[in-house]
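Rule-based calculations on the coordinates, nothing more; no lab input. All figures in this text were calculated on a predicted structure; none of them were measured in a lab. In this analysis, Cβ positions are derived from the backbone assuming ideal geometry, glycine residues included, and neighbour counts consider all displayed protein chains.
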Amino acid sequence: MQEARELANDPSTDYSAAPLEDDIFEWHCTIRGPSGTEFEGGLYHLRILLPAEYPFRPPSLMLLTPNGRFELNTKICISFTNYHEELWQPSWGVRTAILGIQSFLPLKGQAAVGIGSIEYPAAERKRLAALSRQWVCPHCQQSNLELLPDPGTTAAADDASTETETVSRAKVPAAAALRASESSSTTPPTLEIVEQGTTSPSSESPRMDDTTTSSPAVDSAPPSAVAANVPTISRPPMLLDALIGIILTLVLALLFKRIL
């Protein structure tokens, strides 16, 4: 139901309302008593019954918590209920009915007269307001204070939850670091001797018998290192090669003439 989603997405500190899981035409609501009145501090639970033609017909309201202003489990006669369908506007909704019942609580005298209205002394209404906070709905199985917590209590609970989560996250890396420290302190260090061109065996490898002959080490030096150790022979320039060739030719020619 769209109206239920809107109320859930836009919560108020003055009321909470939702339809029953098994009947979307019956809502349960908890309202906060208006400040500056004898209902201040009180929390009141009520039923909201929607007709099948809703929103074209108005809902019916019944208070369940003792309050000293309206009779219990009795449909209340106010301008936006089923007693005055001619005044109802389809653009109104459950939120309008909730705000309306809150505004009607402190009315007195002729303005408070109507079906379901009662007139209790202010002192009695204040006493009922104090008791109303722990009143438990038989259907919801929760107290009014649980259904509509005080604003300061909710903020403090949220802050405490956030602080607890932050501390828990901070403890995780600290605990991990402590375990790593303990592990490193209890594990003996592994000594490795690395010779040029060879790799030492790990500490877990079986030890070789002293009488076993070891194979000659294989020089594993990279080709670049071997090439670096070979002396380089510089070649004479091409002009010098040609000159040496001419000299050798002349020498051979002279030797050949002497022999002849």
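For region 2-150, count the residues as N, evaluate 2.2 N^0.38 Å, and divide the Cα radius of gyration by that value, please. Let's see the in-between values first.
On the way: Rg = 14.5 Å, N = 149, 2.2 N^0.38 = 14.7 Å.
Its radius of gyration relative to the 2.2 N^0.38 Å reference: 0.99.
Given an 8 Å cut-off on Cα distances and at least 6 residues of separation, report the relative contact order of region 2-150 as a percent. Before the final figure, lay out the partial values.
Numbers: 269 pairs, mean separation 37.1, N = 149.
Relative contact order here is 25 percent.
For region 103-156, take N as its residue count and report Rg(C-alpha) divided by 2.2 N^0.38 Å.
Numbers: Rg = 14.5 Å, N = 54, 2.2 N^0.38 = 10.0 Å.
Working it through for region 103-156, the quotient is 1.44.
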- The answer for GluC sites (Glu not before Pro) in region 25-74 that fall in a DSSP coil and have at most 11 neighbouring Cβ atoms within 10 Å is GLU53
- Query: Which whole-Hz couplings ³J(HN,Hα) result when phi for each residue of region 100-116 is put into the Karplus expression 6.51 cos²θ - 1.76 cosθ + 1.60, θ = phi - 60°, listed in order with x for Gly and Pro?
  - Reply: x, 5, 5, 6, 7, 4, x, 5, 9, x, 5, 5, 9, 6, x, 5, x
